[in-house]
Amino acid sequence: MPPDDRREFQRLKLTQPILGVMDGANTLILDIGMAGAFLEHYGVTEPGKRFQLSFRWRAADVLFVCEVVRTSVVRLPAGDGKSAVSLTGAQFVEAIGDSATILHDLMTDFVGRVVEAQRSNAAGEPGSAGATVLSTLGAARRKRTKGYVSYRLKEGTWWRVPTDSARQPEDGFTVPAWEDEAELATLCEAYEASDDEGRKLIRLVAELSVTSP
């Protein structure tokens with residue numbers, strides 16, 4: 001992602017943190033998205049500082065140059081003065097090697113599990129069709145048109161807006177222009193019926209569809 005790209009990206013809250021390494025020290029990755037991660041680590045840092053974050057997924061090494069966006073100390077140092085614990089939000093500045101592709105595969109896999117769990121829980125209820133669409137969003141390239149379409153819910157009415165930006169809006173979601181219209185109508189219904197967390201998940205999967213390698 002270019003350093004001057006300030007779009008808001010969605011992050012997936014991990015039920016089990018990923019163990020990573022932050023400039024040589026262990027860290028826990030609590031949330032992760034295509035543009036950044038939320039970390040728990042020892043020590044303190046400051047906004048603007050750059051560091052390397054690495055972790056492994058399915059025997060593959062993932063390495064990003066990151067920049068601290070925000071950070072806060074959540075546990076003060078003990079008597080040794082070295083055990084402060086911080087929570088840090090970091091933006092990915094540069095992907096090393098195939099790290100961006102591996103991260104996309106990781107996100108698709110993790111989100112697929114969440115969607116499948118939701119579909120199982122919602123079996124026979126409204127919204128399960130929306131979970132089915134989520135699990136296949138971006139898989140079928142029926143029409144290779146350029147650009148994106150932003151679906152925005154305003155005062156109970158959906159607005160379909162062609163756009164050149166892949167940004168995910170707060171009041172809807174953005175997908176590639178080639179996605180299937182009938183499936184997206186179902187997704188709009190699922191969005192309307194979802195709570196805040198469900199809507200965040202829809203935006204996250206939509207984002208994965210627009211960032212597909």
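The values are calculated or read from the model by the stated rules, or taken from the named source; none is laboratory data. On a predicted model such as this, the values are computed, not experimentally measured, just so you know. Using ideal geometry, Cβ is built from the backbone for each residue, glycine included, and neighbour counts are taken over all protein chains shown.
Annotations
- Residue within segment 79-89 that is under 21 Å from L204 (Cα atoms), outside the structural domain of R167 (by TED's automatic domain parsing) and modelled with pLDDT of 90 or more present: yes
- Residues that are within 23 Å of T108 (Cα to Cα) and polar (S, T, N, Q), drawn from segment 26-51: T27
Yes or no, residue by residue, for (1) acidic (D, E); (2) part of a loop (DSSP other than H, G, I, E, B); (3) in contact with a strand residue (DSSP E or B) (Cβ under 6 Å, 6 or more places away or on another chain):
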site	(1), (2), (3)
F64	no, no, yes
E67	yes, no, yes
T71	no, no, yes
P77	no, yes, no
A90	no, no, yes
V93	no, no, yes
T101	no, no, no
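- Condition check for S135: modelled with pLDDT under 85 and not assigned by TED's automatic domain parsing to the domain that holds V175: no
- Remark: pairs (first residue in segment 167-186, without any contact (Cβ under 8 Å) to a residue 40 or more places away in the chain; second residue assigned to a strand (DSSP E or B) and of a type in the set (D, E, K, R); Cβ separation under 6 Å; 6+ apart in sequence or on different chains) = P169/R152; D171/R152; G172/R152.
- Only one entry of E207, E197, E189 meets the criterion of being farther than 20 Å from D105 by Cβ and in contact (Cβ under 8 Å) with a residue 40 or more places away in the chain, and that entry is E189.
- Flag for R6 being under 29 Å from E170 (Cα atoms), loosely packed, with under 13 Cβ neighbours inside 10 Å and either modelled with pLDDT under 95 or not assigned by TED's automatic domain parsing to the domain that holds A166 (or both): yes
- Segment 98-128 - residue that is small (G, A, S) and more than 20 Å from the chain's Cα centre (by Cα) and, of those, modelled with the highest pLDDT: S120
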